[in-house]
1. For a test of the definition: using alpha carbon positions, the gyration tensor, and the 1.5 limit on a/c, classify region A:9-101 as rounded, prolate or oblate.
2. Apply the Karplus parameterisation 6.51 cos²θ - 1.76 cosθ + 1.60, with θ equal to phi minus 60°, to every residue of region A:229-240 and state each ³J(HN,Hα) to the nearest whole Hz, in sequence, with x for glycine and proline.
3. Can you tell me the 0 to 90 degree angle between the C-alpha axis of helix B:174-191 and the longest principal axis of chain B, rounded to 10?
4. Please compute, for the alpha-carbon atoms of region A:179-328, the extent along each of the three principal axes and give them in descending order in Å.
5. Kindly put A:Phe252, A:Phe114 in sequence by how many other C-beta atoms sit within 10 Å of each C-beta, fewest to most.
6. Compute the normalised compactness of region A:177-231: alpha-carbon radius of gyration over 2.2 N^0.38 Å, N being the residue count.
7. Quick check: Cα centre of region A:140-199 to Cα centre of region B:100-134, how many Å?
8. Measure off 7 Å from each Cα along the Cα-to-Cβ vector at A:Leu141 and A:Tyr43, then give the distance between these two points in nanometres to one decimal.
Amino acid sequence: MLATLVIALLVWAAVASACMLVGSTGHIGIPSDPNIRRFVLPYRIEIVLIASLVGAALGAAGVVYQAILRNPLADPYLLGVSSGASLLSLLWYVGALATISVSFQAIGQQAFAFAGAMLSIGIVLLIASRRGRIEPVTLILVGVIVNAVNGSLYLLIYFRHPELVARGGVFTFLVGGIQTNLTRQQEWLAAGCVGVGWILLFYLAGQLNVAPLGEAEAEALGVRIQRLRWAGLVVASVMTASVVAISGPIGFVGLVCPHLARLIVGSDQRRLLPAATALGAALLALADAASRYLSRESLLHTQMPVGVLTGLLGGPFFLLLLWQNRRRTEATP
Amino acid sequence: MTAPLLEATNLQFAYGDRPVLRDVSLTLARGEVVALLGPNGTGKSTLIRVLLGHLRADRGQVLWENRDVRAWPRRAFARRVAYLPQSPTADPDQRVADVLRTGRAPYWGAFGLESAHDVAIVSDVARQLDLIELLPRPMAELSGGQRQLVFLARCLVQQPVALLLDEPNTFLDLRHQVDLGQRLRRLAKEQGLAVLMASHDLNLAGALADRLILLDAGVVAAEGSADRVLDPQVVGKVYGLPMRRLDVPGQVQPLIWPDLR
């Protein structure tokens, strides 16, 4: 367990350092002029660290969601966290455009996104629980419904406000990217949430091994399964919400990383959690560097959010995983 | 005789307004194998889950070592009593070793840290049940008999004093049924384990258990030795079938089967 933790940390550190070679303009390499370097490096470090933070949270939350929901296709957005964040971000944008009041803008889109994410998951948990008990299948169904409603409301608002259509840029709330306009305070808040949340999840990791079992079986092994489900889902959701607030929804990281980690370290949650966290951090830092490179003027002529890239690469990659898995299970009846 | 490990008195339980257990009392002592018999839907599984404290009895009391089952902390209880459900679950990708290790869950420290003792117990049980070679294999590759043995092993890894099994023979062929029964019997006699198992096979239960409890629509229709419980009159009434009994020379317990003529 400790070895996994150390190796995971080293792998991430190696990838993250490599990512710092790619500049915000897609330029590769470290500038030779010391004056430029002094200006550029802290900025690059900040970007790579934020991408890592977001990826780490998504990877860890994905592991926990998949274990508790007993569903290999679960990802941290399944229960409405991201769609709620997008919806309230859009509302904030509408409000900010209409009032043009400084105080409204000062609250910040990030705060609205976080509130939206928590509101959304709160509604899902409230509807899905019966007398304090939550059950995976009901949760997933309610999550899908709330996501759909959030999506429709988003479009409704969008079309009710022609000024949004004219302004463009609204899709940032649907496809996430690593933002560079964050305040230090926002960054530390998100990092704090993710850090504390991760330690809590790691504390639960042993019990999470029992979560995929039947309810009676888990109880018979001394695990209070309802308490574990609540704790795991709430902590993982707060972590997800705090990173969705600063980056917007970035697809597939939370889905693919747990599977990838499982291929490497097996299904023991105590090793899976650190492995998926490091993979998430490394892969998102890498994907972000790649999207910066691809966004170079000579290639795409536009700023492409990393969410587009993870979606494009993650989808086929996940299909490959599924396909391999199917071949393996078909070979052993 | 010392006080029984388990003492349940006058249990009543209903799902909504559908009564399942009307009035059931039973005891279980260390070192004995007790078989719970009765037709489908007669309350065997429900009774087991009430005994485990997963379901709360509407009336009556379940005492484990003189302490109400619902007053036991879950973890402490899991160190005393293990449960093998009718269809145990496992991730097909999970290796046998990982499944066995989850049996130590009631003993894990914070962060799920395992002690050397935990690891030793797992390999002891694996050796005892001849599972050593299966340890690195994924669950998906095992046969039905092997799977059931792995789940039994997970229960034993809990180092319980009592083991409650809900129809463990469902997916087993005759040889594996006998094998499982004999293993349970040996564990009871050699290590003092108390075994309560729901079963559908009257004759096999009669041969392997010390005591039979026959349930009929939520009440105990008969209880005691195979000789006493496997009575054509009693069993025939419970199952709604004419039954015949055959006493085998040189064998204590009788055989019983439906009279189809």
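1. oblate
2. Along region A:229-240, the couplings run 4, 4, 4, x, 5, 5, 5, 4, 6, 5, 4, 4 Hz.
3. 70 degrees
4. Between the extreme Cα coordinates on each principal axis of region A:179-328 lie 62, 46, 19 Å.
5. Working: A:Phe252 23, A:Phe114 27.
With the sparsest Cβ surroundings first, the list reads A:Phe252, A:Phe114.
6. Its radius of gyration relative to the 2.2 N^0.38 Å reference: 1.65.
7. Region A:140-199 and region B:100-134 have Cα centres separated by 45 Å.
8. Label-label distance for A:Leu141 and A:Tyr43, simple model: 5.2 nm.
Bear in mind that the values in this text are calculations on the coordinates, not laboratory data. What you are looking at is a predicted structure, and each value in this text was computed from that prediction instead of being measured. A quick note on method: Cβ atoms are made from the backbone with ideal geometry, for glycine too, and the neighbour counts reach across all protein chains shown.
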